[in-house]
1. Between E19 and N101, what FRET efficiency comes out of the Förster formula 1/(1 + (r/R0)^6) with R0 = 30 Å and r the beta carbon distance, rounded to 0.05?
2. I'd like to compare 136-143, 3-10: which one has the highest average count of other Cβ atoms within 10 Å, and what's the full order after that?
3. Students often check this: by mean Cβ neighbours within 10 Å, which of 49-56, 89-96 ranks highest, and how do the rest follow?
4. How many percent of DSSP beta bridges within the chain run antiparallel, rounded to 5?
5. With every atom except the alpha carbons ignored, what do you get for Rg and Dmax of the stretch 4-154, in angstroms?
6. List the residues whose amide H sits under 5 Å from the amide H of Y145, counting only those 5 or more places along or on another chain, with H placed 1.01 Å from N in the peptide plane.
7. Using the crude model of +1 on Lys and Arg Cβ and -1 on Asp and Glu Cβ, and no other charge, please compute the dipole size for the chain relative to its Cα centre, in debye to 20.
8. Based only on other Cβ atoms within 10 Å, what is the fewest-to-most ordering of F99, F83?
Amino acid sequence: MKYFKHETAVVDEPVSIGEGTKIWHFSHVSENAKIGKNVIIGQNVFIGKGVVIGDGCKIQNNVSVYEGVTLEEEVFVGPSVVFTNVNMPRAKIEQKNNFLNTLVKRGATIGANSTIVCGNTLGENCLIGAGSLVTKSTNPNSLYYGIPAIWKKNI
């Protein structure tokens, strides 16, 4: 095994996990996930079926990365970030066929407790402020924050 998995972590098969990756306490990697090299997956993180995570990403504690989400290289995901997978979730309506894809481009940073609504693309090297609600795609090299998150300035 070329990666580290804490004894309490669960890794389903088949998966692809790159060399130097670390998967910490109580995390779960679902089948067909593709995780790059030197990725850090914090405690209590869920990686959904078929999720793609690029090299050098850091996912902090208590994050669920659902099916349809792709993180390119060197993305930082702060603690307790939420990725949605449907736009209008309802308990009594089955919506597994309605999942929308979310792309987080290389070098993006997502602050703690932010929510990323599915179907959007976060631009390369963008910065999402802590606690923000991202409802639209973001520009590269830009700062966004607030509820809803709005463009503040280029960085």
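Computed from the coordinates by the stated procedures, all read-outs in this text should not be read as laboratory data. In this text, all values refer to a predicted model and were calculated from it rather than measured experimentally. Here the Cβ is made from the backbone with ideal geometry for all residues, glycine too, and neighbour counts use every protein chain on show.
1. Given R0 = 30 Å and the Cβ-Cβ separation, E is 0.65.
2. With the highest mean Cβ count within 10 Å placed first, the list reads 136-143, 3-10.
3. So the order, starting with the most tightly packed, is 49-56, 89-96.
4. Once the DSSP bridges in the chain are tallied, antiparallel ones form about 10 percent.
5. 14.7, 44
6. Distant-sequence amide H within range of Y145: G129, I150, K152.
7. It works out to roughly 420 debye.
8. Lowest count first: F99, F83.
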